[in-house]
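Each remark here refers to the structure printed beneath this line.
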Amino acid sequence: MAALDELLPRWDFRERHAVRVAASPERVFAAVRAVTAAEMPVARALMRARGMRAAAQRPVLAEAMRAFTVLADVPGRELVIGAVGRPWQLRGGQRPDADFRAFDEPGYAKMAMDFRFDGTRLTTETRVLLTDAAARRRFRAYWLLIRPFSGLIRRAWLRAIKRRAERLDGSGRV
């Protein structure tokens, strides 16, 4: 069972994207951690529009970790990050102190995103579980607005990971 399935088995909103990658799991996850905003200019512009000032040469994952935390790390297979907050608010209403699994305070979103590699295909899945009906209504309006852009960022991120992971090293191997 995937770590994401254990951490957030139910959700209200979900988005998934995938890309084939011809590289070892080690190279893929090194790329997941190393891809920078400079490698994905369209995504960088969209992140800036959302108020996220991604430094061009800083890894995108490191930028994401300002708001998210690592929930699971299965080397070579899956990395899951998550947060509790109110993304529909300008500053995100983050709850960095929250116990992700147990959190159920009304008015919040539990958000998790993973990168999963099966040896040929890298996927990223985002799941959001809202803690009550009011939060679900607020998030639905927010999601309608940002979902297309969120998808563009995720697809650009996957393409950048693929490019980086598949680059040949000095010996001519991938």
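Just to confirm my numbers, what's the Cα centroid distance between segment 1-28 and segment 73-138 in Å?
What the calculation gives is 13 Å, centre to centre.
Tell me, what is the percent relative contact order of segment 105-169, built from C-alpha pairs under 8 Å that lie six or more residues apart? Working shown, then result.
Values: 52 pairs, mean separation 18.4, N = 65.
Contact order relative to length: 28 percent.
Would you mind computing, in nm to one decimal, how far apart the modelled labels at Asp118 and Asp132 are, each placed 7 Å from Cα along Cα→Cβ?
So the label points at Asp118 and Asp132 sit 3.9 nm apart.
Can you tell me the relative contact order of the chain? Whole percent, Cα pairs under 8 Å, sequence separation 6 or more. If you can, show how the numbers build up before the last one.
Details: 296 pairs, mean separation 56.3, N = 174.
Here the relative contact order equals 32 percent.
Provide the descending list of Cα extents for segment 3-166 along its principal axes, expressed in whole angstroms.
44, 33, 26
Give me the dipole magnitude in Debye, nearest 20, for segment 3-166 about the Cα centre, with unit charges on the beta carbon: positive for Lys and Arg, negative for Asp and Glu.
For this selection, approximately 780 debye.
Enumerate the residues in segment 60-81 having an amide nitrogen under 17 Å from the point lying 7 Å beyond the Cα of Phe149 toward its Cβ.
In segment 60-81, the label zone of Phe149 (backbone N under 17 Å from the point 7 Å along Cα→Cβ) covers 64.
Work out which helices of the chain, taken as complete DSSP H runs, extend at least 20 Å along their axis over the Cα atoms and score a mean Kyte-Doolittle of -1.0 or more, then list them. The partial results should precede the final answer.
Working: long enough: 133-166 (44 Å, -0.34).
Correct list, ordered by number: 133-166.
Just so you know, all these numbers are worked out from the coordinates, no wet-lab data involved. These numbers come from a predicted model, not from an experiment. Neighbour counts run over all protein chains shown; Cβ positions are idealised from the backbone, glycine included.
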